[in-house]
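A short write-up of the structure that comes next.
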Amino acid sequence: MNLQAIRAIFVFEMSRFFRSLIQSLISPVISTSLYFVVFGAAIGSRIDQVEGVSYGAFIVPGLVMLTVMTQATSNASFGIYFPKFIGTVYEILSAPINFIEITIGYVGAAAVKSLFIGLMILATSTLFVDVSIAHPLAMIAFLLLTCLSFALLGFIIGIWAGNFEQLQLIPLLVITPLVFLGGSFYSTSMLPPFWQKVSLLNPVHYLISGFRWSFFGQADVPVGVSLVAIAGFTSLCLLTIWWIFRTGWRLRQ
Amino acid sequence: MPPIVKVSGLRKQYDSGFEALKGVDLEIEEGEIIALLGPNGAGKTTLISAICGIAVPTSGTITVGGHDAIRDYRAARELIGLVPQEINLEPFERVQNTVRFSRGVFGKSPNEAYIQDILAQLSLGDKARARVRELSGGMKRRVLIAKALSHEPRILFLDEPTAGVDVELRKDMWEVVRKLKENGVTIILTTHYIEEAEAIADRIAVINNGEILLVQDKDELMRQMGRKQLRIDLAESIGQVPESLAEFALTLSDDGRSLTYEYDTRADRTGITTLLAKMQDTGLKLADLQTKQSSLEEIFVGLVKETA
Ligand SMILES: Nc1ncnc2c1ncn2[C@@H]1O[C@H](COP(=O)(O)OP(=O)(O)OP(=O)(O)O)[C@@H](O)[C@H]1O
Ligand SMILES: [Mg+2]
């Protein structure tokens, strides 16, 4: 294991984050505040409670998930795509490192960044509503696993993408709709039966449900199922990356 | 001593189907400077990329320091530093950060003193904290060299290190390369400038269309280049070279109207004066004189044309 290399990639990626720390943090914080104003204050005043929780508090886990998923994906995809785009990837390809080390470096940095942003969102939301966390350890575990798995997904997208449009495509076309339709801002039990069934096909639904359970002790689906779903998703990403590593797909000529 | 880099039967076919290397064999000796000369698209960068692990060979083997470049890639790549042809640098990054990064990904523990020393040697000491986009093109090229040297490699690949670099800086770079050689670093450089190969290389390899045409000691080549031909056109044709001129090993043209004399410009006496004096004694009338030099450039162009 080339630990120095992992460290170098991680530090380099994190320095990119800290260099633009204000930008990196300000936009998620502002958009979270907007969500609270729109969903919490405007709409929430007409829906007093969801599953025994005030609507404002109810949307906190969904908001954190929404941000963490999009941030982890975009950070990781950009992290590996950018060197390909400007050509500095030659250095990584000619270094005495393997794909596992490259993945740990880039995915690790993206996961830590998004974790950081997720925690910032959580802190921001306490300014608007009372947030209580029923199972803090489970909450951290769900958050970490989500950061990690979506950073893995982003890494795959970054390797696959041949241009900036493709880089934006999957987050825009797949992740955002899945997150919005996965019950970020409502409980799926509020949906008609047919749409409840459809929601069961949405993997993100399981993550949000499990994450919300760690806050309020209630879930749309059993928490064990949520755990299996996120573990399955992480394994799928790992398998894909292993396959990329085996075939040298899209990185080496 | 076994060669530090050994390439045998190397073929590279790109995904497009284009065969950029068609069975290259090359042995690079430890401590030498070898120049790869060849026209655009000859396969120089492809060859370097294959050795450094950026391009996957279609077939053939590569060993670096005795380690197979594929099976034993860690040991092989640790020995290599690469300065790419293109200036690939992150514009917003600070110079010293990108150099530190390079050292790290090659598995070396941080050594700030060494990094600052490398930067100073490349006259970048005062630019260590500058951002890459604030540098001139020549400075960026030197940052690439600093990155390649950051992990103390034993073999350095320089892919057209002096393209677009002014004469002054080019000489500075040659100086850097010579110093590296003194420290025992093996250097492989590609170039389009024949004078550059002449100035610093120990050996010269000519490559074209994915094939190595010639690998030769530079001094050997220079000796060939130092040979000059003197053509003497005669006023009247003769049947054979007169006996009295036998010592000059002249060749007579088919029409019997011109004689060719080969001599070495670097010899103490070229023999031209004596030859002309003797010709006069023999009563031969001269119509014209011409001299012709075979330069490295000519050898190079000739070789490349032959295989085109
Ligand atoms: N990624 C690629 N895919 C397909 N063909 C390629 C690729 N890279 C290079 N080639 C082709 O391989 C041949 C050799 O290219 P290479 O870059 O090795 O030449 P070179 O000798 O370095 O030329 P130059 O002096 O211009 O740098 C060229 O015909 C080029 O078009
Ligand atoms: Mg080239």
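The values are calculated or read from the model by the stated rules, or taken from the named source; none is laboratory data. Bear in mind that the values here come from a model prediction, so they are computed numbers and not experimental data. Heads up, the Cβs are rebuilt from the backbone with ideal geometry, glycines too, and the neighbour counts pull from every protein chain shown. We work out accessible area using only protein heavy atoms, side chains counted, and drop any ligands, DNA or RNA first. Shrake-Rupley method; radii C 1.70, N 1.55, O 1.52, S 1.80 Å.
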*asked:* If you count only protein heavy atoms with a 1.4 Å probe, what accessible area per residue comes out for the stretch A:3-247, rounded to a whole Å²?
replied: 43
*Residue-wise HN-Hα coupling along the stretch A:50-55, computed from phi with Karplus coefficients 6.51, -1.76, 1.60 (Hz; x: Gly, Pro)*: 10, 6, x, 10, 5, 4
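Below 11 angstrom from the Cβ of A:Asn2, what's the summed charge of the other residues (Lys, Arg +1; Asp, Glu -1)? Walk me through the numbers on the way to the answer.
Working: positive: A:Arg7, B:Arg74, B:Arg77, B:Lys108; negative: A:Glu101, B:Glu78.
Net of charged neighbours comes to +2.
Rank A:Tyr90, B:Tyr73 by accessible area, highest first, at a 1.4 Å probe radius? It would help to have the intermediate numbers written out before the result.
Values: A:Tyr90 20, B:Tyr73 55 Å².
Ranking A:Tyr90, B:Tyr73 by accessible area, largest first, yields B:Tyr73, A:Tyr90.
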*Taking a probe of 1.4 Å, how large is the accessible area per residue of the stretch B:5-222, in Å²?*
40
*To the nearest 10 Å², what's B:His192's accessible area with a 1.4 Å probe?*
80
*Run through all the Cα pairs of the stretch B:227-295 and give the fraction in each 5 Å bin from 0, expressed as whole percent.*
4, 16, 30, 28, 14, 6, 1
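Taking a 1.4 Å probe, which of B:Arg131, B:Arg11, B:Arg141 shows the most accessible area, and what order do the others take after it? List each step's numbers first, then the result.
Numbers: B:Arg131 50, B:Arg11 100, B:Arg141 15 Å².
Solvent-accessible surface, decreasing: B:Arg11, B:Arg131, B:Arg141.
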*Return, for the Cα atoms of the stretch A:143-233, the radius of gyration and Dmax in Å, separated by a comma.*
14.2, 43
*the protein assembly as shown: radius of gyration and largest Cα-Cα distance (Dmax), Å*: 33.8, 125
*Of the residues B:Ser16, B:Ser237, B:Ser150, which exhibits the maximal mean-square fluctuation in a Gaussian network model of chain B defined by a 10 Å Cα contact cut-off?*
B:Ser16
*Enter the accessible area of A:Phe215 (Å², nearest 10), with the probe set to 1.4 Å and all protein chains included.*
0
*Once all Cα-Cα distances of the stretch B:39-111 are split into 10 Å bins that start at 0, what whole-number percent is in each one?*
16, 41, 32, 11
_Spatial separation of Cα centroids for the stretch B:1-30 and the stretch B:110-182, in angstrom_ = 27
*Rounded to the nearest 500, what is the 222 nm mean residue ellipticity of chain B from helices alone, with -39500 (n - 2.57) per DSSP H run of 4+ residues and division by all residues?*
-10000 deg cm²/dmol
*Give me the accessible area buried between chains A and B, both sides summed, with a 1.4 Å probe, in Å² rounded to the nearest 100.*
2600
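Please compute the Kirkwood hydrodynamic radius of the stretch A:95-187 from all pairs of different C-alpha atoms, in Å with one decimal. Each step should come with its number before you reach the end.
Numbers: mean 1/r = 0.0650 Å⁻¹.
About 15.4 Å, per the Kirkwood formula over Cα pairs.
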*Projected area of the stretch B:5-222, taken from the Cα convex hull and averaged over every viewing direction, in nm²?*
11.7
_Give me, ordered by chain and number, the residues 5 or more places off B:Leu37 or on other chains with an amide H under 5 Å from its own placed amide H._
B:Ala205, B:Val206, B:Ile207
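What is the percent carbon and sulfur in the accessible area of the stretch A:109-253, measuring with a 1.4 Å probe over the protein chains and ignoring ligands? Walk me through the numbers on the way to the answer.
Values: 5180 of 7040 Å².
Carbon and sulfur atoms account for 74 percent of the accessible area of the stretch A:109-253.
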*Name the residues of the stretch A:1-42, by number, that are at least 40 Å² less accessible with every protein chain in place than in the isolated chain; the surface is that of heavy atoms, probe 1.4 Å, without ligands or nucleic acids.*
A:Gln4, A:Ala8, A:Phe12, A:Arg19
*asked:* Computing the accessible area with a 1.4 Å probe over protein heavy atoms, can you report the carbon and sulfur percentage for the stretch B:5-222?
replied: 46
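Using only the Cα atoms, work out Rg/Rh for chain A, with Rh taken as the Kirkwood radius, to two decimals. Mind showing how you got there, number by number?
Values: Rg = 18.7 Å, Rh = 18.8 Å.
Taking Rh as the inverse mean 1/r over Cα pairs, Rg/Rh reads 0.99.
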_Given the whole protein assembly as supplied and a 1.4 Å probe, what does the accessible area of B:Glu86 come to in Å², nearest 10?_
120
*Cα centroid of the stretch B:184-217 to Cα centroid of the stretch A:133-166, whole Å*: 49
*Listed residues B:Asp68, B:Asp117 arranged by accessible area, highest first, probe 1.4 Å*: B:Asp117, B:Asp68
*asked:* How much accessible area per residue does the stretch B:227-295 have, counting only protein heavy atoms and a probe of 1.4 Å, in square angstrom?
replied: 66
*Where is the GNM fluctuation largest for chain B (alpha-carbon springs, 10 angstrom cutoff): B:Leu135, B:Leu284, B:Leu213?*
B:Leu284
